[in-house]
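J.: Sharing a structure below in structure tokens format, with a few things to ask.
The values are calculated or read from the model by the stated rules, or taken from the named source; none is laboratory data. All figures in this text were calculated on a predicted structure; none of them were measured in a lab. When we count neighbours, we look across all protein chains shown, and the Cβ atoms used for this are built from the backbone with ideal geometry, even at glycine. SASA here: full protein model, heavy atoms, side chains in, ligands and nucleic acids out. Shrake-Rupley method; radii C 1.70, N 1.55, O 1.52, S 1.80 Å.
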2 protein chains.
Amino acid sequence: MATATKTAIVPTREDDYPQWYQEVIKEADLAETSPVRGCMVIKPWGYGLWENIRDTLDARFKATGHKNAYFPLFIPLSFLQREADHVEGFAKECAVVTHHRLEPDADGKLQPAGKLEEPLIVRPTSETIIGEMFSRWIESHRDLPLLINQWANVVRWEMRTRLFLRTAEFLWQEGHTAHATQQEAIDETLQMLDIYADFAENMMAMPVIKGEKSEGERFPGAVATYSIEAMMQDGKSLQSGTSHFLGQNFSKAQDITFQDENKELQHAWTTSWGVSTRLIGALIMTHADDDGMVVPPRLAPTHIVIIPITFKADDPEAVLNYCHKLADDLGVISYHGRSVTVEIDNRDLRGGEKTWGWIKKGVPIRLEIGPRDIESDSVFMGRRDQGPKEKQGVPRTEFIETVTAILDDIQQGLFDRALARRENASNTIDDKEAFYAHFEDDGVGFVYSHFCGDPEVEKQVKTDLKVTLCNIPLEGHDEKGTCIFTGKPSKQRVLWAKAY
Amino acid sequence: MATATKTAIVPTREDDYPQWYQEVIKEADLAETSPVRGCMVIKPWGYGLWENIRDTLDARFKATGHKNAYFPLFIPLSFLQREADHVEGFAKECAVVTHHRLEPDADGKLQPAGKLEEPLIVRPTSETIIGEMFSRWIESHRDLPLLINQWANVVRWEMRTRLFLRTAEFLWQEGHTAHATQQEAIDETLQMLDIYADFAENMMAMPVIKGEKSEGERFPGAVATYSIEAMMQDGKSLQSGTSHFLGQNFSKAQDITFQDENKELQHAWTTSWGVSTRLIGALIMTHADDDGMVVPPRLAPTHIVIIPITFKADDPEAVLNYCHKLADDLGVISYHGRSVTVEIDNRDLRGGEKTWGWIKKGVPIRLEIGPRDIESDSVFMGRRDQGPKEKQGVPRTEFIETVTAILDDIQQGLFDRALARRENASNTIDDKEAFYAHFEDDGVGFVYSHFCGDPEVEKQVKTDLKVTLCNIPLEGHDEKGTCIFTGKPSKQRVLWAKAY
């Protein structure tokens, strides 16, 4: 059923959530499907978000001693096979390069030619190729810790794809580190989880639950996988970043050894951790509304759009000059490590069309400036976190002085709204029947229940209800109890939800 | 024959230039070959250079109105075939994906499975896939110009590879633009050439010759290709960036049309332009010496390394504190859009080993700081553009005040040295016999000679002498004359050289 109020996005979230998601991406010009099966084109507004995600995270990685490097796109099949669980996890979704040139056949049609001796896999992740290099680079305890990160594209041949959330090719970063001791590697794994959680909450305005994955949801080859989980507006959970403690599994499979201080040969302890363009999907499903995208100011490609209203002006040039002067004044202000970014939209379009275009893109602040505003030396401001018609006149100097406070106010408001939504849709359920009733009755949201840890039980819950054990929270859930499914002892309540 | 003086790099440039190049890369820890045929691993010091190249160019692209986006890694075979010259140019060096999963055969060995209906080519360049998207995005003259850039990895299956210069996979940027008029597209092509030349000279300290490529050296599918050419220390030319005016070739092959102001349907005019990790090879061969890499300060991942001399100290902690305080004071100074970047090398290694490590990496400034320096509140400075033993004591406050001037002095010195080397090895030859004699006699360097433009003659010269027509310079060579090979009229002298 259509809602009564007219919205910029049709259908609304309430009417058809999955379709609303696709429409927001389209109307905000974030990305689109390409003619290459499962691969997306990330358009400038979406890529601008990714650049800010990348740069902000990159600074945090560097501040904690990591260095960027670049490793081959292709992984020889024999490398992928070195760790048994690992190849098992990725074999069903690999893009395989088998030839290295094209030659015309008898009909003159180009065909693959020059068959490779060994097939190459387009990297689905780089543990095996980076591990191979680590085994060459590490000789002594003096070479440790080795703290490397890579920004790259990866390919996983998913059969059902959805823009940003699940695509055959996506962009990501993958950190890979090697350490002399188990404790140091575990500390690193948890440090990177903390960095992800801090980034999600402070830059994306998206509250997350940090926790450990269950055995069934672990990364193929890991000893322990940790995740941050965020609640989307439909009450489902989105895994938004993972950090893996790999123990000595990969170092033993790949011979990553070092001489310790006593000249004895030891296997290194390794970790890996990553986030991807999936975070843009998380941003959309956390903040967007029925009028389109809502971009948190700290990641916005453009903080402020200025729309000159020249058709009413005797002197359009004077309006433009006023706008450019204002943009210059704003551009020298620093906001969370970047300059305040201003775009003057002087396109030859009707004002309403322009304004709605920017609302749909989710730019935090819109300024309309016409002759009357210049006369009163003020700006006419609309905020994306307020209704499209709630605009207010603000003296120009006051606006310049308070602009970072306004941006932070929008940022905080988005976080508060998301947190309140999550808290409203979070329940503690201490009884199996109530748990089943909750989810069978189309219930969504986060459910915290005691669980004994039996993988078979977890599998049964997934089969019965399509509900995932998202993670075992690290904080705030340390009360012991009884598993609601088996009656066995439970160390703590864990997080259950329908999940992306 | 070995040279008498001991050098950090063996062999020296004079003894074995190609081997010297490989050794510099190894000793400076810039990159190494990987177990994947033809693919390199770019190590942190090399990748740091690439990050600075990327960020500096990216700012210039954005300042001229371009926006970044991201397009699929894979190109369907049918797309590549749309432009006949284009597919012809790349068919012999394509990585071809033919399957999308792995399955065990009868022996349990994993084999490619899930054959694709249409083979996918790992992009060697993206004109065809980006052109397809442009044809969907462009409808009206209001959508033009469309100014897009992509930072990405590409694959060209070269049979003979060399680190940075020619690898199967490399990193690059590719700009793709569409315009309403021919003139606008030509202006764009030349604007980007200018940006590349300015970047090469002012940031890389590498003088270049801007010019147009001959027909035989044109990009497959282009109407005109322009390049910047730099002279390496062995006197050969390295093509360091190209900008292509594509006319309407791709827009006609891919149906990129727009309605003009008179509502008539027109084909757009397109351009493309790119530089790659090859620029790091250019940096090495322009500036490195027999002691290793020499990094121009404006692109240096680290501007200054501080080596604390603690073994002589009664109080090693005091030395470290002094070093950290100095690093903090330097870190707030801005140098060409970045902060001055300082690394304190406190590794447990002998001082000489450390110092030589940094000389080989080519860090612009080394500071050694021990108890005596602290007592006199000064630093002991070595510059990479001076001999390894030419160090000088400088009062700390003076060093802080003059550090950007010292960095610029090093930068300018590198440029001046490269320019002088090029000018010394540039000749004007107005006679065919002298031309042949010059190159047959192992002659290298740049030769400017009159040429009528006949592709057959150009081909003959390449066959006879392995000499390439690098480009037809845009500036400084407009004197008419007579072709030295055919006696026909020549519009200007053109640039000939042995080329990478």
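J.: For residue B:440 and residue B:198, what is the calculated FRET efficiency with R₀ set at 35 Å and r taken between the beta-carbons, to the nearest 0.05?
T.: 0.45
J.: Percent of Cα-Cα pairs more than 17 Å apart in the range A:1-50, please.
T.: 45 percent
J.: Could you check the simple spin-label distance between residue A:475 and residue B:160, using points 7 Å along Cα→Cβ, in nm with one decimal?
T.: Result: 6.0 nm between the two label points.
J.: Right, here's the next one. If you fit an axis through the alpha-carbon atoms of helix A:278-287 and take the longest principal axis of the Cα set of chain A, what angle between them do you get, 0 to 90°, nearest 10?
T.: Long axis of A:278-287 versus the principal axis of chain A: about 40 degrees.
J.: Still on this structure: Once you put a point 7 Å from the Cα of residue B:348 and another 7 Å from the Cα of residue A:389, both along the Cβ direction, what distance in nm separates them?
T.: Those two pseudo-labels are separated by 7.2 nm.
J.: Considering only Cα-Cα distances, which of the following residue pairs are longer than 28 Å: A:210/A:432; A:67/A:491; B:62/B:498; A:252/B:92; A:236/A:361?
T.: In this structure, A:67/A:491; B:62/B:498; A:252/B:92 exceed 28 Å between Cα atoms.
J.: Normalised by the empirical 2.2 N^0.38 Å for globular proteins, what value does the Cα Rg of the range B:138-199 take?
T.: 1.48
J.: Could you derive backbone 3J(HN,Hα) for the range B:426-438 from the dihedral phi with the Karplus parameters 6.51, -1.76 and 1.60 (θ = phi - 60°), listing whole Hz in sequence and x where the residue is Gly or Pro?
T.: 10, 10, 9, 10, 10, 8, 4, 4, 4, 4, 4, 4, 4
J.: In bins 10 Å wide, starting from 0, what share of all Cα pairs of the protein assembly as shown does each bin hold, as a percent?
T.: Result returned by the calculation: 2, 10, 17, 23, 22, 16, 8, 2, 1, 0.
J.: Okay, moving on. Per residue of the range A:232-242, what does 6.51 cos²θ - 1.76 cosθ + 1.60 with θ = phi - 60° give for ³J(HN,Hα)? Whole Hz please, x for Gly and Pro, Karplus curve as stated.
T.: 7, 5, 8, x, 7, 9, 10, 5, 10, x, 9
J.: A follow-up question, please. Let me see the P(r) profile for the range A:190-332: every Cα-Cα distance counted, bins of 5 Å, each bin given as a percent of all pairs.
T.: Each 5 Å bin holds this share of Cα pairs: 2, 8, 13, 13, 11, 10, 9, 8, 7, 6, 5, 3, 3, 2, 1, 0, 0.
J.: With a 1.4 Å probe and all protein chains kept in place, how do A:342, A:332 rank by accessible area, largest first?
T.: Order by accessible area, largest first: A:332, A:342.
J.: Translational diffusion coefficient, Stokes-Einstein: compute it for chain A using the Kirkwood radius over C-alpha pairs as Rh, at 37 °C and 0.692 mPa s, and state it as an integer in µm² s⁻¹.
T.: 130 µm²/s
J.: Measuring from centroid to centroid over Cα atoms, what is the spacing of the range B:481-500 and the range B:360-377 in Å?
T.: 52 Å
J.: Measure nothing fancy, just the Cα-based angle from helix A:455-465's long axis to the longest principal axis of chain A, in degrees from 0 to 90, nearest 10.
T.: On a 0 to 90 degree scale, this one is about 40.
J.: Okay, moving on. Nothing charged except the Cβ atoms of Lys and Arg (+1) and of Asp and Glu (-1): what's the magnitude of the dipole of chain B about its Cα centre? Round to the nearest 20 debye.
T.: 600 debye
J.: When all protein chains stay in place, what accessible area (Å², nearest 10, 1.4 Å probe) is found for residue A:143?
T.: 60 Å²
J.: Long-range amide H contacts for residue B:110: which residues qualify at under 5 Å (H placed 1.01 Å from N, peptide plane, sequence gap of 5 or more or a different chain)?
T.: B:105
J.: Another one. Inter-copy label distances at residue A:419, 7 Å along the Cα→beta-carbon direction, one decimal in nm, shortest first?
T.: For residue A:419, the other copies' label points sit at 5.8 nm, shortest first.
J.: Using just the C-alpha positions of the range B:326-372 as equal point scatterers, what log10 of I(q)/I(0) does the Debye formula give at each q in 0.18, 0.21 1/Å?
T.: The calculated log intensity ratios at q = 0.18, 0.21 Å⁻¹ are -0.67, -0.85.
J.: Using alpha carbon centroids, what distance separates the range A:3-59 and the range B:272-312, in Å?
T.: The range A:3-59 and the range B:272-312 have Cα centres separated by 40 Å.
J.: Compute the accessible area per residue over chain A, keeping the other protein chains in place, probe 1.4 Å, unit Å².
T.: Heavy-atom SASA per residue in chain A reads 41 Å².
J.: Still on this structure, please answer the following. Please name whichever of A:270, A:35, A:306 sits farthest to the positive end of the charge dipole of the protein assembly as shown, dipole taken about the Cα centre and charges placed at Cβ: Lys and Arg +1, Asp and Glu -1.
T.: The one lying farthest along the dipole's positive direction is A:35.
J.: Another question, then. Quote the FRET efficiency, to the nearest 0.05, computed for residue A:464 versus residue A:63 with a Förster distance R0 of 45 Å and r equal to the Cβ-Cβ distance.
T.: So, using R0 = 45 Å, E works out to roughly 0.50.
J.: Continuing with the same structure: Can you work out the PRE-style zone for residue A:456? Point 7 Å along Cα to Cβ, and I want the residues of the range A:481-500 with backbone N under 19 Å.
T.: Inside the label zone: A:483-490.
J.: Amide H neighbours of residue A:95 under 5 Å, at least 5 residues apart or on other chains, H built in the peptide plane: list them.
T.: A:122, A:157
J.: Any chance you could check the Cα centroid distance between the range B:111-132 and the range A:110-180 for me, in angstrom?
T.: Cα centroid to Cα centroid, the span is 20 Å.
J.: Here is a further query. Could you pull the Cα extents of the range A:106-173 along its three principal axes, largest to smallest, in whole Å?
T.: 61, 35, 16
J.: Considering amide H positions built from the backbone, and no H for Pro or chain starts, which residues 5 or more places from residue A:379, or on another chain, come under 5 Å of its amide H?
T.: A:394, A:396
J.: Give me the accessible area buried between chains A and B, both sides summed, with a 1.4 Å probe, in Å² rounded to the nearest 100.
T.: Result for this pair: about 5300 Å² buried.
J.: Quick one: what are the phi-derived ³J(HN,Hα) couplings along the range A:479-496, Karplus 6.51/-1.76/1.60 with θ = phi - 60°, whole Hz, x for glycine and proline?
T.: 6, 6, x, 10, 4, 6, 9, 10, x, 6, x, 10, 6, 6, 6, 10, 9, 10
J.: Could I ask something else about it? Compute the long axis of helix A:316-331 from its Cα atoms, compare it with the longest principal axis of the Cα atoms of chain A, and write down the angle in degrees, 0 to 90, nearest 10.
T.: Tilt of helix A:316-331: around 40 degrees.
J.: Let me ask something else about it. Put a dot 7 Å past each Cα toward the Cβ at residue A:16 and residue A:329; how far apart are the dots in nm?
T.: 4.7 nm
J.: Right, another one. With a 1.4 Å probe and all protein chains left in place, how much of the accessible area of the protein assembly as shown comes from carbon and sulfur atoms, in whole percent?
T.: Of the solvent-accessible surface of the protein assembly as shown, carbon and sulfur hold 46 percent.
J.: If I stretch the segment between residue A:259 and residue A:107 completely, what's the gain in nm (0.36 nm per residue apart, minus their alpha carbon distance), one decimal?
T.: Extra length available between residue A:259 and residue A:107 comes to 48.7 nm.
J.: Please compute P(r) over all alpha-carbon pairs of the range B:295-369, binned at 10 Å starting from zero, and give each bin as a whole-number percent.
T.: P(r) over the range B:295-369, rounded to whole percents: 19, 50, 27, 4.
J.: With only Lys, Arg, Asp and Glu charged, each at its Cβ (+1 for the first two, -1 for the last two), find how big the charge dipole of the range B:289-369 is about the Cα centre; round to the nearest 20 debye.
T.: Result for the range B:289-369 is approximately 280 debye, rounded to the nearest 20.
J.: Enumerate cysteines in the protein assembly as shown without a disulfide-compatible partner, where compatibility requires another Cys Cβ under 4.7 angstrom.
T.: Unpaired cysteines in the protein assembly as shown: A:39, A:94, A:323, A:470, B:39, B:94, B:323, B:470.
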